[in-house]
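Student: Provided herewith is a single structure, encoded as structure tokens, for subsequent inquiry.
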Amino acid sequence: MDTPLLLLDEPTAGLDPDSSDGFVRLLRSLHRDLALTVIMVTHDLDTLFELSTRIAVLADQRVIVTAKPRDVIAFRHPFIEDFFLGERGQRAMELLREYPFAI
């Protein structure tokens with residue numbers, strides 16, 4: 001397995017919080033040690049904000065924005081406002097303060 005690219009589809013779906021945290025640690029170490037580029041499809045905002053340096057958001061049957069997490073959150077669109085800035089999104093965004101690489 002000597003690939004520079006890893007594709008993941010909802011990798012934390014169904015995981016309990018401890019397993020999800022373990023996945024995040026594993027993915028971080030793989031990224032660091034193997035210089036992998038990871039493309040991940042997820043609705044898990046905690047994992048998204050912990051791992052992402054760039055986010056592409058799909059809405060209205062197209063990609064509406066691709067940017068750093070803070071720039072995505074600032075993008076004016078009803079889907080962004082509901083998904084990222086709702087109560088659940090606000091809790092997950094606390095991670096941006098802890099992981100400045102995502103800024």
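The values are calculated or read from the model by the stated rules, or taken from the named source; none is laboratory data. Values in this document were obtained by computation on a predicted structure and should not be read as measured data. Positions of Cβ are generated from backbone atoms using ideal geometry, with glycine treated the same way; all protein chains shown enter the neighbour counts.
Student: Quick one: ARG28 ticks every box in (1) over 22 Å from GLY86 (Cβ atoms); (2) exposed (fewer than 13 other Cβ atoms within 10 Å of the Cβ); (3) in contact with a helix residue (DSSP H, G or I) (Cβ under 9 Å, 6 or more places away or on another chain); (4) basic (Lys, Arg) bar one, so which box is it?
Tutor: Single failed check for ARG28: (2).
Student: Of the conditions (1) exposed (fewer than 14 other Cβ atoms within 10 Å of the Cβ); (2) modelled with pLDDT of 95 or more; (3) in contact with a strand residue (DSSP E or B) (Cβ under 6 Å, 6 or more places away or on another chain), LEU58 satisfies every one except a single condition; which number is it?
Tutor: (3)
Student: Can you list the strands (runs of 3 or more DSSP E) found entirely within segment 20-99 that contain at least 1 residues being within 27 Å of ASP2 (Cβ to Cβ)?
Tutor: On the way: elements: 37-41, 55-59, 62-67.
Once the strands (runs of 3 or more DSSP E) in segment 20-99 are filtered for at least 1 residues that are within 27 Å of ASP2 (Cβ to Cβ), what remains is 37-41, 55-59.
Student: Name the pairs: first residue in segment 1-14 and on the phi > 0 side of the Ramachandran plot and part of a loop (DSSP other than H, G, I, E, B), second residue surrounded by 10 or more Cβ atoms within 10 Å (Cβ to Cβ) and polar (S, T, N, Q), Cβ to Cβ under 6 Å, at least 6 apart or on different chains?
Tutor: GLU10/THR42
Student: Right, SER20: surrounded by 12 or more Cβ atoms within 10 Å (Cβ to Cβ) and either of a type in the set (Gly, Ala, Ser) or touching a Cys at 6+ places or on another chain (Cβ under 9 Å) (or both) or not?
Tutor: So SER20 fits the description; yes.
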